[in-house]
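Encoded as structure tokens, the structure appears first; notes follow it.
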Amino acid sequence: MLTITVSKEEMRSMVRISHMKLDVELEMLKEAYLTDLSMSGVNTIPTGDMLSLAALRLYLRWQMNYNGEADRYRQSYEAAKIAMSLASEYKGEEVTP
């Protein structure tokens, strides 16, 4: 099962909210994000990986229509997802220098 280490506080920061009213929704969106990556061929997320965190931020902003720019965030997320699905680091393959 695909996992990412990110706190609720970090997810709130990604969508620039300070209250806890959307914590359950943010957790559900995180799970949907991981499922979407998994269906795209991403099998692992390296610990502390910044691209996966950036992609999560884009996904959350897309789903929440952040600043009314959902389409912009969707396009950016899709590009990041494609890059991740093609990279051996995310397929769980050995990376040779």
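Rule-based calculations on the coordinates, nothing more; no lab input. Keep in mind it's a predicted model, so treat the numbers as computed, not measured. Methodologically, a virtual Cβ is constructed for each residue, glycine included, from the backbone with ideal geometry; neighbour enumeration extends over all protein chains shown.
Report the extension gain between Ile4 and Ala54 in nm, rounded to one decimal, defined as 0.36 nm multiplied by the number of residues separating them, less their alpha carbon distance.
16.8 nm
Quick one: pull the percentage of alpha-carbon pairs in the chain with a separation above 24 Å.
Percent of Cα pairs beyond 24 Å in the chain: 19.
Kindly provide the trypsin sites (Lys or Arg not before Pro) of the chain that DSSP labels as loop, not H, G, I, E or B, and whose Cβ sees at most 13 other Cβ atoms within 10 Å.
In loop regions of the chain (DSSP not H, G, I, E or B), the sparsely surrounded trypsin sites (Lys or Arg not before Pro) are Arg16, Lys21.
Quick one: helix 23-39 against the long Cα principal axis of the chain, what's the angle to the nearest 10°, folded into 0 to 90?
30 degrees
Would you mind calculating the relative contact order of the chain from Cα pairs under 8 angstrom and at least 6 residues apart, reporting the percent as a whole number?
31 percent
List the aspartates and glutamates whose Cα sits under 12 Å from the Cα of Lys8, skipping any in the same chain fewer than 8 residues away.
Cross-link targets: Asp23, Glu25, Glu27.
With everything on Cα atoms, drop me the angle between helix 70-86 and the longest principal axis of the chain, reported from 0 to 90° to the nearest 10.
It works out to around 20 degrees.
Between the helical axis of 50-63 and the dominant principal axis of the chain, each derived from Cα atoms, what acute angle in degrees is found, rounded to the nearest 10?
In the chain, helix 50-63 runs at an angle near 40 degrees to the longest axis.
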